[in-house]
Amino acid sequence: LIDGTVNTDIANISININNNLVAHQMVGTASLIGNLTAGMREVTGEMLIYFNGETERNKFLNKTVSTMRIRSTGGTFTSSGTAKYELNVNLPNIEYTAFPWENQDGVLGATVPFKALYHAGNSVGTNSISIELINSIANFN
């Protein structure tokens with residue numbers, strides 16, 4: 001989903017998460033790490049989208065922030081068949097960083113890089129990314 005609308009023009013998508021960890025060496029050692037400090041998380045990605053109008057490209061041109069939700073659904077895990085295995089990746093604030101139209105498998109498309117922005121005032125959440133796993137395990141220890 002992009003801005004709450006199913007988009008069937010997206011052929012594939014990838015997401016990269018970099019926590020920018022900083023290693024602090026222990027005093028008196030050359031290679032032992034005492035602890036890691038988290039830096040500012042960077043979430044970036046890329047999607048291949050086929051041309052079906054100017055809507056998504058105009059978001060890039062106008063620097064419009066969008067929301068993205070990627071849902072992967074599997075089979076059911078209850079005897080009633082109502083609950084499904086599911087993985088949801090939510091990016092509440094993404095901004096396209098380029099939108100180069102080109103020939104993609106004989107069709108006009110674009111490989112579009114994007115970055116997820118941290119926004120404390122967003123009603124969806126305060127993170128640049130959230131991941132939800134739905135399965136048959138009640139909790140993890």
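The values are calculated or read from the model by the stated rules, or taken from the named source; none is laboratory data. Worth saying up front: this structure is predicted, and the values here are computed from it rather than measured. Note: ideal-geometry Cβ built from the backbone for every residue, glycine included; neighbour counts use all protein chains shown. All accessible areas refer to the heavy atoms of the entire protein, side chains included, with ligands and DNA or RNA removed. Shrake-Rupley method; radii C 1.70, N 1.55, O 1.52, S 1.80 Å.
Just a yes or no: is a residue in segment 66-84 at pLDDT 90 or above, in contact with a Phe, Trp or Tyr (Cβ under 6 Å, 6 or more places away or on another chain) and not in a loop (DSSP other than H, G, I, E, B)? Checked segment 66-84: no residue is at pLDDT 90 or above, in contact with a Phe, Trp or Tyr (Cβ under 6 Å, 6 or more places away or on another chain) and not in a loop (DSSP other than H, G, I, E, B).
Of everything in segment 25-53 that is at pLDDT below 80 and outside any loop (DSSP other than H, G, I, E, B), the residue that is most open to solvent (accessible area, probe 1.4 Å) is GLN25.
Just checking, how many residues over segment 101-110 are in a strand (DSSP E or B) and open to solvent by 40 Å² or more (accessible area, probe 1.4 Å)? Number of matching residues: 5. Within segment 65-78, one or more residues are more than 30 Å from ILE137 (Cβ to Cβ) and either surrounded by 10 or more Cβ atoms within 10 Å (Cβ to Cβ) or in contact (Cβ under 8 Å) with a residue 60 or more places away in the chain (or both).
Considering each residue of segment 87-100 in turn, none proves to be among the aromatic types (Phe, Trp, Tyr), open to solvent by 60 Å² or more (accessible area, probe 1.4 Å), outside any strand (DSSP E or B) and touching a residue at least 24 places away in the same chain (Cβ under 8 Å). Residues that are at pLDDT 90 or above and not aliphatic (A, V, I, L, M) within segment 103-114 comprise GLY109, THR111, PRO113, PHE114, listed in sequence order.
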